[in-house]
Amino acid sequence: MKEEQNHEKAKRFGMVIDLDKCTGCGACMVACMSENNVPFKEDESKKLDSITWLRVYKLTNGKPFPDAEICYLPRPCQHCGGKGDHGHSPCVSVCPATATDYSNDTGIVSQIYTRCFGCRYCMAACPYHARYFNWWDPVWPDGMEKYLSPNVSVRMRGIVEKCSFCFHRYQIAMEKAHYEGRGELEENEYQTACTQACPANAITFGDLNNPGHAVHELKKDKNAFRLLERLQTNTKVYYISSREWVRRAGDNYLEKEKK
Amino acid sequence: MKIDRRCFLSLGIGGAAGIALSPLPWKLADDSAIWTQMWPWTPVPADGEVTYVKSACTLCPGGCGISVRKVGNRAVKIEGIEGHPVNDGGICPLGLSGLQLLYGPTRVKSPLKRTGERGEGKWEKISWEEAITEVSKKLGDLRGKGESDSVACISGSDKGTVPALFKRFMSVFGSPNFMRMPSIQDSYEIANNVSMGFIAQSGFDLEKADFVLSFGSGLIEGWGSPVRMIRANSSWRKAGVKVVQVEPRLSNTAAKSDKWIPVNPGTEYALALGLAHVIIRESLYRKDFVQAGALGFIRFRDLILSSYSPESVEKITGVKKETIESLAADFAKSERPIAICGRGQGKAQSSLGELLAVQALNALAGNIGREGGVFAVNDPAYIAWPAYQADETAAAGIKKERIDGAGSVKYGFAKSLTNRFAGAVNSGAPVSLLFVLESNPLYSLPDTKAVKDAFKKIPFIVSFSSFMDDTALNSDIILPNHVYLERYEDVPATAGLSKPVVSLARPVVSPQFNTKHAGDVIILIAKEMGSPVADAFPWDDYQACLEGTAGDKWKILNEEGFSSDPAFTAQVVNTFPGKFDISGGIPDFTILFASVSHEGDPKAYPLFLMPYDSFRIASGYIGDPPFVIKTVEDTVLKGKDILVEINPATAKANGLSAGSYATLKTPKGSARVKINLFEGIMPGLVAMPRGLGHTAYDNYLAGKGINVNELIGTVEDPASGLDAAWGIRANLIKA
Ligand code: SF4
Ligand code: SF4
Ligand code: SF4
């Protein structure tokens, strides 16, 4: 069980993704793959086993030509805080190996590869399909392993992986801050790879608890919503869309159900 | 509300974007996987000092500034440069994947000479000396025989010092045939030449526009400089700028626009003329700007007023006349409206008529050469090399008519018409030797069969490609260039920018293989050929040429990574009111605005195939690296099958259903495709993405899907020689 911590300076890192700006270009997906040593294989068209920590979904409003509409929705791990934000994330609650854990300091749900033994309970528990299983050992064509980053360990067959909010960037930034005798980070010192890459500036990242960070205000936008809010997963990824049908798509309402 | 079962996120209203959400496949494979955790091979990436190198991306004409993270001597990540005038920190999926190209399996690792049949993939490694001697000797023989003009060069770009060196080589050698890959740039150049009297590109001050009317341009899908365009779109969202997208398919750009107007395929020009009709009829235009008193304008006005009323345009385009009336008023009454064309990413040309019709809207609004408007932009001014001495051969050679006809009496307005290249060669124009620089014409030009036939007729093909792409595979000798992350090169970003920027690509890592800078190779070839060709290349090597050319800007380029000093980057031409002649001095409007006849008999081919561009499928010189192909949706590519988009009504009429196989037939060829139903496409159309169906590259890309160029052809615009094909007639037969 998690310790109940009442840390004064506890952070809740999170994102606000503006779907009105997102163009579906996919740069965030690739930035994530490149930053985090995500493997690839010859055929990636079976999306169930295609490892994409961040996946951009295409939503349609279901109306016939010419009233059809499209909206793209990037989905990283939602870093669920669980009911009451005590760290009872769906995945964390079921992991028998404590290989995935909720940090009360940052609000980030971690994945500890060396502990994971591949039971995949967490994958079944995650309502957002944010977790991926390594069915194979990663293989890089001869020479391509040269671009692998030492900041993120390479995963092997038999373990589960997912978006970490580029946690290594947090560690590096904190190290630097400590070295300089600071306990706190500036907003721009810790940014995720997808946020940084997005050509549309659609993704904003920061501490949801910190009134000085942009996400703090953005999440209160009248068009902001979270995915499957009624599950009380208490996710830390907010979305903004000016279109009602998109906001409704964020919760899987039944055909005729009223919001 | 109570939830008694596990709730899955089903991101797909109406089931259109269904994600397979069942955990069943995972459960089934449970046993086999649970105890198989073995760790036979654990690459542990070596640690080292972290540094960043500023450079420039050359993977598309966008010209983004990049910052490459290195650990020790390895490059590990590409990011955008914050504060760079083109992309300000943003970057596209292709740019992010550059390291997979650098370290990837498709690199050509040393000069290669073909030993087997063309395309068989049998090569012999040769030394650089041998390679250069062999090519120089062939060139020398041709020159000696007085056939210097039978040498041609197809380049991906004509901007920057490397293409300029190749162009210079061609001229002093005695050939007029320096060609660049076709794009909408050709169309803009001709339109500007016709209406203003000089060849220039168009640059769009989109960040300051307050109304954007796009005729099928993929504004956020790779048109112009892609990252800059997406950034502009975000600023429009914030500022409430209205964007209207005209095209028959709900592209991502249409989806993001404020208003999507589906038009009948290939009738964009008519809609533009209909809008001009309303603007002139209501007297909403800038009379000074369009020389209202001049003969050209009067002819244009009379034609528009008599033939393109909203009623008649409704019949051609399928757009309601009320929509035409209100759109015209919205456009003309905006302060800084911009009309823009070039379908998709602008990789294909459009007819001169379409260009003039769209540019006429800009001229009527008086926004040419004005803040928030359209500028005429000349080529960057910094490449000013001393004149060279042409001998008799050279002087005679460059006077010959170009293979593609550009600049001839018939195609006098054009600078380059590479779209006509294959046709010309197939009808007998002699090409004895072809240079291919930073382009993949065998794959990217429409009508693949004709292009292949043309290539077969060329006895000697020299590829400078860094990668074993489709054209390199079918060449006779490959002189591999360093990739951009291994070389210095000026990167002028001109694509649609009103204020061009020149950036500097610089070596992030040392060359990984036995490759050579194409700039050095062409200098070496020239030197090997001796006087007078060699005399035109006084530089010791490419680096000396580059630094000398940049002059006092070299320091800034090297320190900042870019320069946007207008004196250096490009000349923006001032277009004064009254300088724009809408009629373009074209005597006969009927050929200009005749609707392009689409290839094929409508009875045998009741449908219409349109290629479309996707940000996630690179379709230029560079094919998708593994990361990018991974982002392609399974409604576009499934295994090796390509999916085409059709409207459910089209499917029903043809007995097809989602996921079923069909044979897609066009007058050019046929292919087996899978069906994807899409409500966002006009009934009767079949949409296929560009960029798939490569025969070369690695297993991550080769053999996946179909190259749409195999199924489409070219249709020559009689007014200009441009390719006016919008697509091609087609049929879908249940397989
Ligand atoms: S990079 Fe930005 S615009 Fe592109 S898909 Fe991701 S969130 Fe959307
Ligand atoms: S999104 Fe899934 S993986 Fe991420 S914290 Fe929530 S339940 Fe866990
Ligand atoms: S938009 Fe073009 S120039 Fe910019 S990163 Fe992408 S490929 Fe490179």
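A compact table of results
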{"quantity": "Residues that are of a type in the set (Gly, Ala, Ser) and touching a strand residue (DSSP E or B) at 6+ places or on another chain (Cβ under 9 Å), drawn from the stretch B:364-389", "calculated": "B:365, B:369, B:372, B:373, B:376"}
{"quantity": "Test: residue in the stretch B:560-580 that is surrounded by fewer than 15 Cβ atoms within 10 Å (Cβ to Cβ), modelled with pLDDT of 75 or more and more than 14 Å from every other protein chain (Cβ to nearest Cβ)", "calculated": "yes"}
{"quantity": "The listed residue being farther than 14 Å from residue B:608 by Cα, over 23 Å from the mean Cα position of the chain (by Cα) and surrounded by fewer than 24 Cβ atoms within 10 Å (Cβ to Cβ), out of B:665, B:674", "calculated": "B:674"}
{"quantity": "Residue count, the stretch B:45-74 (criterion: under 25 Å from residue A:140 (Cα atoms), facing chain A (nearest Cβ under 10 Å) and crowded, with 24+ Cβ neighbours inside 10 Å)", "calculated": "0"}
{"quantity": "Extreme residue, nearest to residue B:496 (Cα to Cα), among residues of the stretch B:231-259 that are within 11 Å of chain A (Cβ to nearest Cβ) and among the aliphatic types (A, V, I, L, M)", "calculated": "B:232"}
{"quantity": "Residue within the stretch A:226-242 that is over 23 Å from residue A:109 (Cα atoms) and surrounded by fewer than 20 Cβ atoms within 10 Å (Cβ to Cβ) present", "calculated": "yes"}
{"quantity": "Strands (runs of 3 or more DSSP E) lying entirely in the stretch A:1-109 (those with 2 or more residues that are within 16 Å of ligand 1 (Cβ to nearest atom) and over 23 Å from residue B:638 (Cα atoms))", "calculated": "A:13-18"}
{"quantity": "Test result for residue B:122, closer than 30 Å to residue B:376 by Cβ and free of Cβ contacts under 8 Å to residues at least 40 places away in the same chain", "calculated": "no"}
{"quantity": "Residue, modelled with the lowest pLDDT, within the stretch B:178-195, restricted to residues that are of a type in the set (A, V, I, L, M) and under 26 Å from residue B:434 (Cβ atoms)", "calculated": "B:190"}
{"quantity": "Subset of the stretch A:46-70 (residues that are surrounded by fewer than 20 Cβ atoms within 10 Å (Cβ to Cβ) and more than 22 Å from residue B:254 (Cβ to Cβ))", "calculated": "A:46, A:47, A:48, A:49, A:50"}
{"quantity": "Evaluation of residue B:113 against (1) more than 23 Å from residue A:31 (Cα to Cα); (2) basic (Lys, Arg); (3) within 14 Å of chain A (Cβ to nearest Cβ) (one fails), failing number", "calculated": "(3)"}
{"quantity": "Leading residue by the ranking (farthest from the other protein chains (Cβ to nearest Cβ)) among those in the stretch B:590-636 that are away from ligand 1 (no atom under 16 Å from the Cβ), part of a loop (DSSP other than H, G, I, E, B) and without any contact (Cβ under 8 Å) to a residue 40 or more places away in the chain", "calculated": "B:603"}
{"quantity": "Residues satisfying the stated conditions in the stretch B:328-366, i.e. part of a strand (DSSP E or B) and charged (D, E, K, R)", "calculated": "B:343"}
{"quantity": "Residue within the stretch B:226-234 that is touching a Lys or Arg at 6+ places or on another chain (Cβ under 9 Å) and not in a helix (DSSP H, G or I) present", "calculated": "no"}
{"quantity": "Subset of the stretch B:204-230 that is closer than 20 Å to residue B:500 by Cα and surrounded by fewer than 23 Cβ atoms within 10 Å (Cβ to Cβ) - its residue that is nearest to the other protein chains (Cβ to nearest Cβ)", "calculated": "B:207"}
{"quantity": "Residue in the stretch A:109-121 that is closer than 22 Å to residue A:197 by Cβ and more than 10 Å from ligand 2 (Cβ to nearest atom) present", "calculated": "no"}
{"quantity": "Test result for residue B:527, outside the structural domain of residue B:360 (by TED's automatic domain parsing), at pLDDT below 90 and of a type in the set (D, E, K, R)", "calculated": "no"}
{"quantity": "Answer from A:201, A:234, A:188 - the residue that is touching a residue at least 12 places away in the same chain (Cβ under 8 Å) and more than 16 Å from ligand 2 (Cβ to nearest atom)", "calculated": "A:201"}
{"quantity": "Within the stretch A:17-48, considering residues that are more than 7 Å from chain B (Cβ to nearest Cβ) and within 16 Å of ligand 2 (Cβ to nearest atom), the one nearest to residue A:205 (Cα to Cα)", "calculated": "A:17"}
{"quantity": "Per-region count, the stretch A:134-155, residues of a type outside the set (Lys, Arg) and at the interface with chain B (Cβ under 7 Å from one of its Cβ atoms)", "calculated": "12"}
{"quantity": "Matching strands (runs of 3 or more DSSP E) fully within the stretch B:656-719 where at least 3 residues are aliphatic (A, V, I, L, M)", "calculated": "B:669-677, B:685-689"}
{"quantity": "Matching residues in the stretch B:637-651 - criterion: being within 9 Å of chain A (Cβ to nearest Cβ) and either within 16 Å of ligand 3 (Cβ to nearest atom) or of a type outside the set (Gly, Ala, Ser) (or both)", "calculated": "B:637, B:638, B:640, B:641, B:647, B:648"}
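To keep it simple, each residue is scored yes or no on (1) among the small types (Gly, Ala, Ser); (2) assigned to a helix (DSSP H, G or I); (3) farther than 18 Å from residue B:316 by Cβ; (4) modelled with pLDDT of 95 or more.
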residue	(1), (2), (3), (4)
B:238	no, yes, yes, no
B:254	yes, yes, yes, yes
B:264	no, no, no, no
B:269	no, yes, no, no
B:277	no, yes, no, yes
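The values are calculated or read from the model by the stated rules, or taken from the named source; none is laboratory data. The structure presented is a predicted model; accordingly, all values stated were derived computationally and were not measured. Glycine gets a Cβ as well: all are built from the backbone with ideal geometry, and neighbour counts include every protein chain shown.
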